[in-house]
Amino acid sequence: MKEKTTENVKAAFLGEAKAYFRLLAFAEKALEEDIPQIALLFRAIAEAERVHATRHLNLMKDMVVSDTDTNLEKSFQREKSISENEYPRFLLEAEEEGEKMAALAFGQARDAETFHAKLYEQAIYRVIRDKISAYHVCQVCGYVTDKKIPDKCPVCGAPKEKFKTIDDEKMGS
């Protein structure tokens, strides 16, 4: 793709991805307010935005998706960078401004990203391609483990009921 179109596709992807998550949050709020039809509307349009984002991502695939070894290495480097550079800065600035909830979210995200980097590093240095095992994701802070679900999340302390299992049966969803 040419330069302007490439930039526009990237911007469209980011906009659609943000809209997807924003609309899901709006749907949750509508349910809290006991307005199920509006929640369905938000969820339906969120799904449409996901379709748009996926189409834009597919246009960029040649630019952002490489072979699996390269994708693992890039993912490891990104997780390491965000956990060591960006989140510590976000956390410090939130603390300086007295924003306790944001500081908590940034601190937990930083810690979870550190675990993500470790999982990528294990994948890079160990042959795990033939091993199919489930991963468990804390739905409060984003911590991921390939071990059994802990009684309490090591990052945020959430109980094991707050974990979602991602396994080979859910690959298509």
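Computed from the coordinates by the stated procedures, all read-outs in this text should not be read as laboratory data. Since this is a predicted model, take the numbers as computed values, not measurements. As a convention, Cβ positions derive from the backbone with ideal geometry for all residues, glycine included, and neighbour counts pool all protein chains shown.
Figures for the structure shown
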read-out: Relative contact order for the range 3-64, counting Cα pairs under 8 Å that sit 6 or more residues apart, in percent; value: 46 percent
read-out: Using a Förster distance of 41 Å, the FRET efficiency for L104-K2 (Cβ separation, nearest 0.05); value: 0.40
read-out: Computed over the chain: relative contact order in percent, which uses C-alpha pairs under 8 Å that are six or more apart; value: 15 percent
read-out: Distant-in-sequence amide H partners of A158 (H built 1.01 Å from N, under 5 Å); value: C153
read-out: Chain lengthening between D34 and D69 when straightened (0.36 nm per residue, less Cα-Cα); value: 7.9 nm
read-out: DSSP H segments from the chain that extend 20 Å or more along their own axis, Cα-based, with Kyte-Doolittle mean of 0.0 or above; value: 36-64
read-out: Stretchable slack from D146 to E97, in nm (0.36 nm times residue separation minus alpha-carbon distance); value: 14.0 nm
read-out: Exposure proxy order (Cβ contacts within 10 Å, fewest to most) of K118, K2; value: K2, K118
read-out: Amide H within-cut-off set for I166, under 5 Å, with H built and near neighbours excluded; value: Y135, H136, V137
read-out: Sequence-separation-based contact order of the range 132-173, relative, with Cα cut under 8 Å and 6+ spacing, percent; value: 43 percent
read-out: Added length on full extension, which subtracts the Cα-Cα distance from 0.36 nm per residue, T165 to S133; value: 10.5 nm
read-out: Residue exposure sequence - R22, R126, R110, R50 - by fewest surrounding Cβ within 10 Å; value: R126, R22, R50, R110
